[in-house]
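The values are calculated or read from the model by the stated rules, or taken from the named source; none is laboratory data. It should be emphasised that the depicted structure is a prediction, and the values quoted were computed from it without experimental measurement. For neighbour counting, all protein chains shown are included, and Cβ atoms are generated from backbone atoms with ideal geometry for every residue, glycine included. We work out accessible area using only protein heavy atoms, side chains counted, and drop any ligands, DNA or RNA first. Shrake-Rupley method; radii C 1.70, N 1.55, O 1.52, S 1.80 Å.
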Amino acid sequence: MHRVHYCDDAGWQATPAADHALRPWLQERGSLTARLKRHYADFSVQLAHESWRKPHLDERQLLQLPAGTQAWVREVWLMGDGQPRVFAHSVISRKDLRGAWYGLRNMGRLPLGAALFANPAVIRGALHFRKLSASHPLRKTVSKHLPLLPHQSLWARRSLFCLQRHHLLVTEVFLPASAGQADAL
Ligand SMILES: C=C(O[C@@H]1C=C(C(=O)O)C=C[C@H]1O)C(=O)O
C-alpha cells in the first residue's frame, strides 16, 4: 500500500513513545489481523458492537464531518489464544459507505483487514499514535468491557484507509498482559 499523509493534530502523534516490546505492533504497516494470526495459534474476531452513531470529536475532526453527523461504527475484540489482545474501533460516514465499501456493514466476524488488504486499490494513510488516558471515550469503552483491567493508559493507533475517495478510520487499542492475559502481545 502507498503511504499517504494527513494532517492530524487532535493529540495523535506521528511516532509512539511506547516501550520497545509494543512498538513493532504499533508501527505494523501490514494487516494487524495477519500479524496476530502469526503470533497466536488461535485467532478470532469477537464482534462487540455495530451501529449508526455520532463519532467521537477527534474522529469527526479527522473525517471532516459536521457536528451531529452519524457514522457507521464497528467495534471488535481481536482475540489471541482466547484472550482480548486488541480493541478495534472503525468509523465510516454514510457518504463513504457506498460503492466498494457498501459491504463493510456486513463483515460480522470476518476481520475488516481481510477486505482492506486484499484490495490493492486501498490506500492507507499515515499511522498516528496516542496513549489513551482514562478520560478518552475509547479507553472508557475498553474499561466497561474489561472491568478487571487496571486503570492505566493504553496505547492506540489510528489510520485512514481510502478507496476511490471513500474514507474509513480505523483505531486499534492495544491491551496489556494485565487484561487477564497470560502474556502481552
Ligand atoms: C485493518 C485491519 O483489520 C482489523 C480488523 C478489524 C475488524 O474486524 O473490525 C478492525 C481493525 C483491524 O484491527 C487489519 O487487520 O490490519
query: Of everything in region 82-114 that's among the hydrophobic types (A, V, I, L, M, F, W, C) and farther than 20 Å from residue 55 by Cβ, which residue is most open to solvent (accessible area, probe 1.4 Å)?
result: 110
query: For residue 45, which of the numbered conditions (1) within 14 Å of the ligand (Cβ to nearest atom); (2) surrounded by fewer than 20 Cβ atoms within 10 Å (Cβ to Cβ); (3) of a type in the set (A, V, I, L, M, F, W, C) fails to hold?
result: (2)
Qualifying residue in region 30-38 (condition: more than 10 Å from the ligand (Cβ to nearest atom) and either touching a Phe, Trp or Tyr at 6+ places or on another chain (Cβ under 8 Å) or hydrophobic (A, V, I, L, M, F, W, C) (or both)): no
- prompt: Taking region 65-122, which residues are charged (D, E, K, R) and either away from the ligand (no atom under 11 Å from the Cβ) or touching a Ser or Thr at 6+ places or on another chain (Cβ under 8 Å) (or both)?
  reply: 74, 75, 81, 94, 95, 96, 98, 105, 109
query: Has region 102-123 got at least one residue that is of a type in the set (Gly, Ala, Ser) and at pLDDT 95 or above?
result: yes
- prompt: Which ones in region 64-82 are farther than 20 Å from residue 141 by Cβ and acidic (Asp, Glu)?
  reply: 81
message: Just to be sure before I move on: is residue 74 within 16 Å of the chain's Cα centre (by Cα) and part of a loop (DSSP other than H, G, I, E, B) in the structure I sent?
response: no
query: Quick check, is residue 48 within 15 Å of the chain's Cα centre (by Cα) and not β-branched (Val, Ile, Thr)?
result: yes
task: Select from region 134-168 the residues that are among the hydrophobic types (A, V, I, L, M, F, W, C), in contact (Cβ under 8 Å) with a residue 24 or more places away in the chain and closer than 25 Å to residue 21 by Cα and write down the one among them that is surrounded by the fewest Cβ atoms within 10 Å (Cβ to Cβ).
output: 148
statement: Scanning region 1-30 for residues that are surrounded by 12 or more Cβ atoms within 10 Å (Cβ to Cβ) and either at pLDDT below 85 or outside any loop (DSSP other than H, G, I, E, B) (or both) gives 1, 4, 6, 8, 10, 13, 18, 23, 25, 26
